[in-house]
Amino acid sequence: MNCRIGVISGDGIGPEIVREARKVLDRVAERYGHSFVYKELLLGGASIDVHGVPLTEETIEQAKACDAVLMGSIGGDAKTSPWYQLEPSRRPEAGLLGIRKALNLFANLRPAYLYEELRAACPLREDISAAGFDMLIMRELTGGLYFGARKTEEVDGVLTAVDTLSYNEHEIRRIAKRAFDIAMKRRKKVCSVDKANVLDSSRLWRRIVEEVAEDYPEVELSHMYVDNCAMQLVLHPAQFDVILTENMFGDILSDEASMVTGSIGMLSSASLNDTKFGLYEPSHGSAPDIAGQDRANPIATILSAAMMLRYTFDLDREADAVEAAVRQVLKEGFRTGDILSEGCTYTTTTQMGDLIADRI
Ligand code: IPM
Ligand code: MG
């Protein structure tokens, strides 16, 4: 298969982890007879440095011309980086939100899985982690608070800031369908997370999710308030299969879910629209404190590349091979610093990429 892959190396540890993911993809191409052609795209701080803005029309057009985009991470240290002297709409994160919107990437899939081998890195009590967990957060990505009108102004001499949380029924329906579709391929459970005891947007969310559920009689639907969900994720994570939620709640809950897997350095993600196109990126940030030191964990990016093989290119066998190679390396005791525990072998970013590629 011939695949055109856009690559956003981005900022901080981005270039290092993307380099390792490409190493793994190149091994897949060699082993299974595919051709992956990469096109470097600028986004975030790297784009600000060249063009003065975090996202250009050129990047959007180049991304659209690719079958999929693999991304590292964007952003810098908000205290020290000059990017954060710019007004909010010109900072690195605005570029990421802009490309999500421009490419209509409304469905963000964030799997959180506890590897048997990483149980020691899981911060939960042993009697909780013993049950293991395997969940997928389906986060709405192009609506809600992130994209509603916002302003800061003086009202009667008092500084006042407003952000708007709005969802229409179409936005809710299309993400709910995605959650139910994927639940059908998993354990057939959807837990829809909202704050329907307070918010109108959540009450509409619940109503539309219930409507969609009628088309999926085999899927068991439950509803949970977001505050309770935050608690349940650390109390009884094994109960979850698919968690369906809006943009802001999904942002927060996915960080929490990733941390209970042992490290946010393990969590991949896919952002999809209604075509086969996808933007694949780790759920973690750019970790500027360890950038360029060969210390970052490339596994989340490598697993994101596996998601790309699976969801955009339908290369399930190849995706399975990447995931199996990751598991194998963990089984053999190799660990980057973030997941290191007693008796394991410390590996650098580069070594981790080599080890995984070698096992494909
Ligand atoms: C994420 C990140 C982004 C988000 C930031 C960088 C804007 O935290 O992908 O979860 O909030 O969506
Ligand atoms: Mg986040």
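If the only charges are +1 at each Lys and Arg Cβ and -1 at each Asp and Glu Cβ, what is the size of the charge dipole of the chain around the Cα centre, to the nearest 20 debye?
Values: 40 positive and 55 negative charges, 117 e Å.
So the dipole magnitude of the chain works out to roughly 560 debye.
Roughly how many debye, to the nearest 20, is the charge dipole of segment 100-231 about its Cα centre, given +1 on each Lys and Arg Cβ, -1 on each Asp and Glu Cβ, and no other charges?
Values: 21 positive and 22 negative charges, 87 e Å.
That gives segment 100-231 a dipole magnitude of about 420 debye.
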For segment 277-290, in order, what is each residue's ³J(HN,Hα) by Karplus, 6.51 cos²θ - 1.76 cosθ + 1.60 with θ = phi - 60°, in whole Hz (x at glycine and Pro)? 5, x, 10, 10, 8, x, 6, 8, x, 8, 6, x, 5, 10
Relative to the present Cα-Cα distance, how much length would full extension add between K331 and V155 at 0.36 nm per residue of separation? 57.4 nm
Taking only C-alpha positions in the chain, Rg and Dmax in angstrom work out to 20.1, 67
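Just subtract the alpha-carbon distance of V162 and N104 from 0.36 nm times their residue separation and send over the number in nm, one decimal. Display every interim value, and only then the final one.
Working: separation 58, 0.36 × 58 = 20.88 nm, distance 2.46 nm.
Value of the extension gain: 18.4 nm.
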For L136, the residues 5 or more places away or on another chain with a placed amide H closer than 5 Å to its own amide H are A112, V242, I243
Relative contact order, percent, of segment 267-354 when contacts are C-alpha pairs under 8 Å separated by at least 6 residues? 28 percent
For L70, the residues 5 or more places away or on another chain with a placed amide H closer than 5 Å to its own amide H are G6, V7, I8, Y280
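Once the other residues with Cβ under 12 Å from the Cβ of R19 are scored (Lys, Arg +1; Asp, Glu -1), what is the net sum? Intermediate results must be reported in sequence, preceding the final value.
Working: positive: R22, K23; negative: E16, E20, D26, E40, D294, D354.
Net charge around R19: -4.
Mind sorting Y346, Y216 by how few other Cβ atoms lie within 10 Å of their own Cβ, fewest first? Walk me through the intermediate numbers first.
Numbers: Y346 11, Y216 18.
Ranked by crowding around the Cβ, least crowded first: Y346, Y216.
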Whole-Hz couplings from phi, Karplus 6.51/-1.76/1.60, listed for segment 179-191; x for Gly and Pro: 5, 5, 4, 6, 4, 4, 8, 10, 9, 6, 10, 10, 10
Please report the relative contact order for segment 82-154, taking Cα pairs under 8 Å with a sequence separation of at least 6, and give it as a percent rounded to a whole number. 35 percent
What is the distance, in nm, between label points placed 7 Å from the Cα along the Cα-to-Cβ direction at R174 and at D316? 2.6 nm
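Suppose only helical runs count, i.e. DSSP H with n ≥ 4. What mean residue ellipticity at 222 nm does that imply for the chain under -39500 (n - 2.57) per run, divided by all residues and rounded to the nearest 500 deg cm²/dmol?
Values: 12 runs with 142 residues, N = 360.
Value at 222 nm, helices only: -12000 deg cm²/dmol.
Sort 1-8, 94-101, 74-81 for me by packing, meaning the mean count of neighbouring Cβ atoms within 10 Å per residue, highest on top.
On the way: 1-8: 18.4, 94-101: 20.6, 74-81: 16.9.
Averaged packing, sorted descending, gives the order 94-101, 1-8, 74-81.
Under a Cβ-Cβ cut-off of 11 Å, what is the net charge of the residues other than S202 that fall near it, where Lys and Arg count +1 and Asp and Glu count -1? Display every interim value, and only then the final one.
Numbers: positive: K195, R203, R206, R207; negative: D194, D200, E246.
Around S202, the surrounding residues sum to +1.
Residue separation times 0.36 nm, minus the C-alpha to C-alpha distance between N2 and E87: what's the value?
Numbers: separation 85, 0.36 × 85 = 30.60 nm, distance 4.08 nm.
Here the answer is 26.5 nm.
Could you rank the peptides 264-276, 29-41, 297-309 by their average count of other C-beta atoms within 10 Å per residue, with the highest value first?
Details: 264-276: 20.8, 29-41: 14.2, 297-309: 27.2.
My ranking of the peptides, most packed first, is 297-309, 264-276, 29-41.
Give me the net charge of S254's neighbourhood, meaning all other residues with Cβ under 14 Å from the Cβ of S254; Lys, Arg count +1, Asp, Glu -1.
Details: positive: R110, R139; negative: E140, E246, D251, D255, E256, E281.
For residues surrounding S254, the net value is -4.
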Descending semi-axes in whole angstrom, ellipsoid equivalent of segment 186-332, from the Cα gyration tensor: 30, 20, 15
Once you've got the Cα coordinates, tell me which of K101/K195; K23/K188; K151/K189; K101/K177; K23/K64 are over 30 Å apart. K23/K188; K151/K189
A correct Karplus calculation of ³J(HN,Hα) over segment 38-54, with 6.51 cos²θ - 1.76 cosθ + 1.60, θ = phi - 60°, whole Hz and x for Gly and Pro, returns 9, 10, 6, 10, 9, 8, x, x, 4, 6, 4, 4, 8, 10, x, 9, x
Segment 1-141, dipole about Cα centre (Lys/Arg Cβ +1, Asp/Glu Cβ -1), debye to the nearest 20: 180 debye
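A short reminder: the numbers here are calculations on the coordinates, not readings from a lab. Keep in mind that this is a model prediction, so the values were computed, not measured. Backbone-built Cβ (ideal geometry, glycine too); neighbour counts: all protein chains shown.
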